[in-house]
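The values are calculated or read from the model by the stated rules, or taken from the named source; none is laboratory data. Note that the structure is a prediction, hence the values are computed from the model and not measured. Every residue, glycine as well, gets a Cβ built from its backbone with ideal geometry; the counts of neighbours run over all protein chains shown.
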Amino acid sequence: MIRAERLAFRYPDGTPALDGVTLTIAAGEFVALIGQNGAGKTTLAKCLAGLLRPTHGRVVVGGIDTAAKGVMKALVRRIGYVFQNPDHQLFNTRVYDEISYGPKNLGVPERERDAVVREVAAVAGVRPELFSEHPFFLSKGLRQRVAIASTLAIRPQVIVVDEPTTGQDYRQSIDVMEFLTRLWRQQGHTIIIVTHEMPIVAAYAQRVIALCRGRVLADGPTREVFAQPDLLAQTFVKPPQVTRLARAWAGAGVRADALTVDELVDEVVRVAGGERAVAVPRAGRQEPPAGPGAQADA
Amino acid sequence: MGEAQIAKKTLLGMVPADSPFYRFHPVGRMALLIFLSVTPLFIDMPEVNLGLILVTLGLLWWGRVRMQQVRRYLPLLVTVAIFMFGVAFLAPGNRTALTPIRSVGATFYFEPMWWAFVSYCRLIAMLFGAILYFSTNRERDTLVALRSLGVPFAVSYVAALSLRSAGMFMEDFKTIREAQQARGLDLESLSVVEKAKLYTMYTVPLFAVALRRADEISNALFAKGYTLSGRPAGGGRRTDYLRAQYPVRARDWAVSVGLVGAFALVAALSKTTGVFSDHLSPLRAVVVGMVAAR
């Protein structure tokens, strides 16, 4: 689906941001890009979405070279980008116009457009009563949803979300991540998130790409990448506390790569030979994958 | 990777960190701005202003500003020319007192067209002076220059914050364009009118983001105890670390005084002797001769 070959990017001020990144992301994956500030996460995500042209190397998305001329319309149908700050991507004075902006640019007929707007708004949790509201008067969480709905309206196969949980409380963060997970599991989208939130990565991402100074430091299933704390330390990333705790208890027979509290509790209960006292509703990783991401997580 | 940044981000683009301009103190660079941008106000002779434009272009090249960056202003130069010469053509003034020139099926009048040319040369010279300054200086350089000159804290801080906001405004503009592109907007396929409409669309996010940021900055300043007088809220005197960190050397004072002195000399000569009057322009004499020959 996405192929980056020896990708390098240098900002106009000469700052090198990416240096020889080569990777492939298959359709139906849920990928997290992690790394310290300035590691090149957002630059890589923007290069993958065709918003930045590589200085060297190339990116091919669904057979389209992102640097080729006149491919933008075809490219946005394949890959959509949700910016970190929703305020940068809300240009219209009504929520409805905002969501229909992309399809309009792509020449989707008005009647069809209306159906698309209503459908994606429902998926994103944007109520029709808000359609005539000005997007800037909505809460940040809702603005983020409108931004995601606006991207979804183009129906891209891949959705890149830059910092989906920044500035949101725990509940809103979980809502956004559950929403992205539904898109991944139920609608078969490929999801790429850029984030600093390791518990979120542990709970939701299937694959982790850790960047350090513009290069790929680690790339693999989340469990495997988080099992290498010394490697991750190079990019100032620490696995979630629960994983570190599990690692510390590994000597007691607990599996060392638990990613969530639920997994660790199950392990402790197993080792202790008892039963869980309370059944906890589980989110994210614990739900059995039913969508296209299922095979890759196995 | 991880190597030092090799360019500095200025208000109008990038300049190499080792640009020769950075050998001079920000005060000297500000004096150059005054010389190049204000002197043309006292010069009517187009040859001199055209000479100043050439000098400025030379300084841009010497300062290692990418000429591609300068080329972006060509549409602006053309637009200003259309506007100024258009006004001179459409509203020349009292026609009976003017010299008509019939050409390409229309009647032009020499005096307003010549004055449009004189004013255009002056305006472009001033504009290039400002382009040079803002292409080679960061908002911080302006703050250092103002503080070094003893400009009151509130004035220098507001000026620097305004410049920083302008830079952020342009960054936001870039991101918003990227976001539009990400939503399938093909700029190349749009007509001029559609592109113009697009600018009204930019105002929605640009102003919303700018207003939110202004609110945040004012709260941050308040939280840090800043006051208009520059004195700490609890009394006493604030350490002026900018002056301590960027001392003005004798060479910088010499350059600054030289440039401001040159400006003062031009202004004085212009007012007292009229030596820079357009009536003394050799180019005007040639054009007048050509008009008379028709």
Legend entry - Residue list for the range A:38-78, filter: of a type in the set (D, E, K, R), away from chain B (no Cβ under 13 Å) and farther than 21 Å from residue A:151 by Cα: A:58
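From A:194, A:208, A:176, A:201, grab the single residue that is without any contact (Cβ under 8 Å) to a residue 40 or more places away in the chain and either under 20 Å from residue B:183 (Cα atoms) or aliphatic (A, V, I, L, M) (or both).
Values: A:194 fails: without any contact (Cβ under 8 Å) to a residue 40 or more places away in the chain; A:208 fails: without any contact (Cβ under 8 Å) to a residue 40 or more places away in the chain; A:201 fails: without any contact (Cβ under 8 Å) to a residue 40 or more places away in the chain.
Only one candidate passes the filter, namely A:176.
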Inset, instruction - Find the residue count for the range B:46-63, including only residues that are more than 21 Å from residue B:21 (Cα to Cα), hydrophobic (A, V, I, L, M, F, W, C) and crowded, with 17+ Cβ neighbours inside 10 Å. - result: 1
Inset, instruction - Output the number of the condition that residue A:171 fails; it satisfies all remaining conditions of (1) basic (Lys, Arg); (2) more than 14 Å from chain B (Cβ to nearest Cβ); (3) in contact with an Asp or Glu (Cβ under 8 Å, 6 or more places away or on another chain). - result: (3)
Inset, instruction - Could you pull out the residue among B:286, B:275 that is loosely packed, with under 14 Cβ neighbours inside 10 Å and part of a loop (DSSP other than H, G, I, E, B)? - result: B:275
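Going by the conditions given, is residue A:81 within 9 Å of chain B (Cβ to nearest Cβ), within 17 Å of the chain's Cα centre (by Cα) and of a type in the set (Phe, Trp, Tyr)?
Working: within 9 Å of chain B (Cβ to nearest Cβ): yes; within 17 Å of the chain's Cα centre (by Cα): yes; of a type in the set (Phe, Trp, Tyr): yes.
Judged against the criteria, residue A:81 is a match.
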Inset, instruction - Look through the range A:124-137, keep the residues that are crowded, with 17+ Cβ neighbours inside 10 Å and assigned to a helix (DSSP H, G or I), and return whichever of them is modelled with the highest pLDDT. - result: A:130
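Quick check, is residue B:147 farther than 21 Å from residue A:98 by Cα, crowded, with 16+ Cβ neighbours inside 10 Å and over 17 Å from the mean Cα position of the chain (by Cα)? Outline the logic, then answer.
Details: farther than 21 Å from residue A:98 by Cα: yes; crowded, with 16+ Cβ neighbours inside 10 Å: yes; over 17 Å from the mean Cα position of the chain (by Cα): yes.
Answer is yes for this residue.
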Legend entry - Residue count for the range A:138-186, restricted to those that are in a helix (DSSP H, G or I), surrounded by 18 or more Cβ atoms within 10 Å (Cβ to Cβ) and hydroxyl-bearing (Ser, Thr, Tyr): 4
Inset, instruction - For the range B:4-59, name all the residues that are within 14 Å of another protein chain (Cβ to nearest Cβ) and either among the polar types (S, T, N, Q) or touching a strand residue (DSSP E or B) at 6+ places or on another chain (Cβ under 7 Å) (or both). - result: B:5, B:6, B:7, B:8, B:10, B:14, B:15, B:16, B:17, B:19
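Being over 30 Å from residue B:33 (Cβ atoms), in contact (Cβ under 8 Å) with a residue 24 or more places away in the chain and outside any strand (DSSP E or B), is that true of even one residue in the range B:116-124? Full working, then the answer.
As a first pass, look at the range B:116-124 and keep what is over 30 Å from residue B:33 (Cβ atoms): none.
Looking through the range B:116-124, none of the residues is over 30 Å from residue B:33 (Cβ atoms), in contact (Cβ under 8 Å) with a residue 24 or more places away in the chain and outside any strand (DSSP E or B).
Among the residues of the range A:1-25, how many are assigned to a loop (DSSP other than H, G, I, E, B) and surrounded by 15 or more Cβ atoms within 10 Å (Cβ to Cβ)?
Initial filter on the range A:1-25 (assigned to a loop (DSSP other than H, G, I, E, B)): A:1, A:11-15.
Okay, now just the ones that are also surrounded by 15 or more Cβ atoms within 10 Å (Cβ to Cβ), so A:1, A:11, A:13-15.
Number satisfying all stated conditions: 5.
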Inset, instruction - Looking only at the range A:80-129, count how many residues are more than 28 Å from residue B:212 (Cβ to Cβ) and in contact with a Gly (Cβ under 7 Å, 6 or more places away or on another chain). - result: 1
Inset, instruction - Starting from the range B:89-107, keep only residues that are modelled with pLDDT under 85, then list their pairs with residues that are part of a strand (DSSP E or B) whose Cβ atoms are within a distance under 7 Å, requiring at least 6 positions of separation or different chains. - result: B:95/B:109
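Quick check on the range B:135-144: of everything there that is part of a helix (DSSP H, G or I) and crowded, with 20+ Cβ neighbours inside 10 Å, which residue is modelled with the lowest pLDDT? Give the derivation first.
Just the residues of the range B:135-144 that are part of a helix (DSSP H, G or I), to begin with: B:135-136, B:139-144.
Subsequent filtering for residues that are crowded, with 20+ Cβ neighbours inside 10 Å retains B:135-136, B:139, B:141-144.
Numbers: B:135: 91, B:136: 92, B:139: 86, B:141: 91, B:142: 90, B:143: 90, B:144: 91.
Filtering the range B:135-144 for residues that are part of a helix (DSSP H, G or I) and crowded, with 20+ Cβ neighbours inside 10 Å, the one modelled with the lowest pLDDT comes out as B:139.
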Legend entry - Entirely in the range B:151-259, the helices (runs of 4 or more DSSP H) that have 2 or more residues that are within 14 Å of chain A (Cβ to nearest Cβ) and either at negative phi or in contact with a helix residue (DSSP H, G or I) (Cβ under 8 Å, 6 or more places away or on another chain) (or both): B:153-182, B:192-223
Inset, instruction - Could you list, in sequence order, all residues of the range A:187-229 that are of a type outside the set (A, V, I, L, M), within 14 Å of chain B (Cβ to nearest Cβ) and crowded, with 19+ Cβ neighbours inside 10 Å? - result: A:212, A:213, A:214
